[in-house]
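Below is one structure, written out as structure tokens; comments come after it.
The values are calculated or read from the model by the stated rules, or taken from the named source; none is laboratory data. The structure presented is a predicted model; accordingly, all values stated were derived computationally and were not measured. Neighbour counts are summed over all protein chains in view; Cβ atoms, including those assigned to glycine, are modelled from backbone coordinates with ideal geometry. Keep in mind that these areas ignore ligands, DNA and RNA; they rest on the heavy atoms of the full protein, side chains included. Shrake-Rupley method; radii C 1.70, N 1.55, O 1.52, S 1.80 Å.
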Amino acid sequence: MLIINVLGSRQKDNLMALFPLSTARLNLRLVCMGDLEAVHALHALPETDAFNTLGIPEEVGVTEAVLAAWLLDHRQANVKNYTFAVELAADGAFVGLIALKLGPEKYRRGEVWYKLHPDYWGRGLGTEALNRVLDFGFGELHLHRIEAGCAVDNIASVKVLEKVGMTREGRRRQVLPLTSGWSDNFEYAILETDPRR
């Protein structure tokens with residue numbers, strides 16, 4: 001079974017050679033420190049912060065610490081968190097972020113999250129990026145289950161999750177401390193055996 005956290009260094013190098021992950025319109029590459037300005041600008045937008053628990057960073061140093069942690073994750077012998085910069089294939093424009101966090105090996109489970117710049121909302125790019133990450137999780141990492149959560153009022157994310165074939169499995173009450181107050185969270189998941197859209 002090919003799970004990244006049990007790969008040898010040669011196999012891990014082969015897996016890392018798959019990046020960037022590409023679609024018809026997008027490239028998903030592992031983030032780098034050169035993304036600091038774009039990631040900070042994305043995190044500082046009130047529109048993208050509305051359903052995010054991270055909060056708007058007070059200064060670029062806060063974003064730099066977050067980005068440094070992601071880069072450290074990618075350098076681990078047993079990679080557990082993949083954070084991708086989403087770019088337009090045509091011109092390399094920064095669209096946003098999408099990530100896959102792996103759970104304990106025994107459960108073959110992962111969790112996805114994403115955040116796109118408002119300039120790219122409503123174009124189907126979130127759905128395209130998420131489908132590619134699901135392909136990576138099920139195809140290359142051989143996961144059994146991939147989960148996601150979103151605030152109940154985040155209608156755009158609900159649509160993206162359901163478009164790719166994820167099933168709403170539950171609702172957790174007031175677990176998200178948003179700037180607008182406590183929010184319920186919808187829990188979604190898709191299995192390797194589920195139909196994809």
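Does residue 176 satisfy the condition of being over 15 Å from the mean Cα position of the chain (by Cα), of a type outside the set (Lys, Arg), buried (at least 16 other Cβ atoms within 10 Å of the Cβ) and more than 20 Å from residue 118 (Cα to Cα)? Spell out the reasoning first.
Values: over 15 Å from the mean Cα position of the chain (by Cα): yes; of a type outside the set (Lys, Arg): yes; buried (at least 16 other Cβ atoms within 10 Å of the Cβ): yes; more than 20 Å from residue 118 (Cα to Cα): yes.
Yes; evaluated as a whole, the condition is true for this residue.
Scanning the range 116-135 for residues that are out of contact with any Asp or Glu (no Cβ under 6 Å at 6 or more places or on another chain), under 14 Å from residue 93 (Cβ atoms) and not hydrophobic (A, V, I, L, M, F, W, C), we see that the one that is surrounded by the most Cβ atoms within 10 Å (Cβ to Cβ) is 117.
Restricting attention to the range 109-163, the residues being in contact with a Ser or Thr (Cβ under 9 Å, 6 or more places away or on another chain), part of a loop (DSSP other than H, G, I, E, B) and of a type in the set (A, V, I, L, M, F, W, C) number 1.
Of the residues making up the range 75-104, just one is within 22 Å of residue 135 (Cβ to Cβ) and acidic (Asp, Glu), namely 87.
Kindly indicate whether residue 111 is out of contact with any helix residue (DSSP H, G or I) (no Cβ under 7 Å at 6 or more places or on another chain) and open to solvent by 70 Å² or more (accessible area, probe 1.4 Å). When the stated conditions are applied, residue 111 passes them. Give me the residue from the range 78-93 that is surrounded by fewer than 19 Cβ atoms within 10 Å (Cβ to Cβ) and over 18 Å from residue 108 (Cα atoms) and, out of that set, nearest to the chain's Cα centre (by Cα). The residue in question is 88. Of all the residues in the range 68-95, those that are in contact with a helix residue (DSSP H, G or I) (Cβ under 6 Å, 6 or more places away or on another chain) and either of a type outside the set (Gly, Ala, Ser) or under 22 Å from residue 186 (Cβ atoms) (or both) number 7. Of these, 69, 89, which one is out of contact with any strand residue (DSSP E or B) (no Cβ under 8 Å at 6 or more places or on another chain) and either modelled with pLDDT of 95 or more or hydroxyl-bearing (Ser, Thr, Tyr) (or both)? So the residue among 69, 89 that is out of contact with any strand residue (DSSP E or B) (no Cβ under 8 Å at 6 or more places or on another chain) and either modelled with pLDDT of 95 or more or hydroxyl-bearing (Ser, Thr, Tyr) (or both) is 69.
For residue 140, indicate whether it is open to solvent by 30 Å² or more (accessible area, probe 1.4 Å), under 12 Å from residue 28 (Cβ atoms) and not polar (S, T, N, Q). Walk me through how you get there before you give the answer.
Details: open to solvent by 30 Å² or more (accessible area, probe 1.4 Å): yes; under 12 Å from residue 28 (Cβ atoms): no; not polar (S, T, N, Q): yes.
Here the answer is no, as residue 140 does not meet what is asked.
Could you list all residues from the range 37-56 that are open to solvent by less than 30 Å² (accessible area, probe 1.4 Å) and under 16 Å from residue 67 (Cα atoms)? Explain how you work it out, then say what you get.
First pass over the range 37-56, keeping only residues open to solvent by less than 30 Å² (accessible area, probe 1.4 Å): 39, 42-43, 48-49, 55.
Selection gives 39, 42, 43, 55.
Taking first residues from the range 26-53 that are in a helix (DSSP H, G or I) and partners that are among the polar types (S, T, N, Q) and surrounded by 19 or more Cβ atoms within 10 Å (Cβ to Cβ), the Cβ contacts under 7 Å between residues at least 6 apart in sequence or on separate chains come to 36/63; 39/63; 40/63; 42/48; 43/63.
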